[in-house]
Amino acid sequence: QVQLVESGGGLVQPGGSLRLSCAASGSIFNINDMGWYRQAPGKQRELAATNTRGGSTNYADSVKGRFTISRDNVKNTVYLQMNSLKVEDSAVYYCYARIRSTGGVRWSDYWGQGTQVTVSS
């Protein structure tokens, strides 16, 4: 069984920073992509940033230059450093990982439970 556990959300003023963490644990053989999606009230879930195992990154246009995704392949952990936060960044942020379980032959997508980020003065 595989679990993704997120931490680091909270309330911050506009212009502030937050760092999200997501640790994958369980019967993991290998992890391919890891990343972060977000969902604001009344809106669809959207990509924020992703990171391949080889280190390639992809960002939504709305967060480029402000957010930085990184990962520690030894700890099976992905991070999202969010700077210069705006009110419109407020959302539930979900960690995502494409994982091959120990003894498995297929890659499956796993999601964390979500962590709330609120940007407000």
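Which whole-number value in Å² is the accessible area per residue of the chain, probe 1.4 Å?
The answer is 54 Å² per residue.
Give the lysines whose C-alpha is closer than 21 Å to that of K43, dropping any in the same chain fewer than 8 places away, or say none.
In chain and number order, the partners are K64, K86.
With the cut-off at 19 Å, report for the stretch 10-121 the share of all Cα pairs above it, as a whole percent.
Value for the stretch 10-121 (Cα pairs over 19 Å): 43 percent.
Tell me the carbon and sulfur percent of the accessible area for the stretch 52-121, rounded to whole percent, probe radius 1.4 Å.
45 percent
Using +1 on the beta carbon of Lys and Arg, -1 on that of Asp and Glu, and nothing else charged, what's the dipole of the chain about the Cα centre, debye to 20?
So the dipole magnitude of the chain works out to roughly 180 debye.
Could you go through the stretch 90-100 in sequence order and give the Karplus-derived ³J(HN,Hα) for each residue, using 6.51 cos²θ - 1.76 cosθ + 1.60 with θ = phi - 60°, rounded to whole Hz, and x for Gly and Pro?
After applying 6.51 cos²θ - 1.76 cosθ + 1.60, I find 4, 4, 8, 9, 10, 7, 9, 8, 9, 10, 9 Hz.
Please identify the trypsin sites (Lys or Arg not before Pro) of the stretch 84-121 that satisfy two criteria: DSSP loop assignment and at most 14 other Cβ atoms within 10 Å. Which are they?
Loop-located and lightly packed - K86, R106.
The values are calculated or read from the model by the stated rules, or taken from the named source; none is laboratory data. This structure is a prediction, so every number in the text was calculated from the model and none was measured. Don't worry about glycine lacking a Cβ; one is built from the backbone with ideal geometry, like all the others, and counts go over all protein chains shown. Heavy atoms of the whole protein, side chains included, go into the accessibility calculation; ligands, DNA and RNA do not. Shrake-Rupley method; radii C 1.70, N 1.55, O 1.52, S 1.80 Å.
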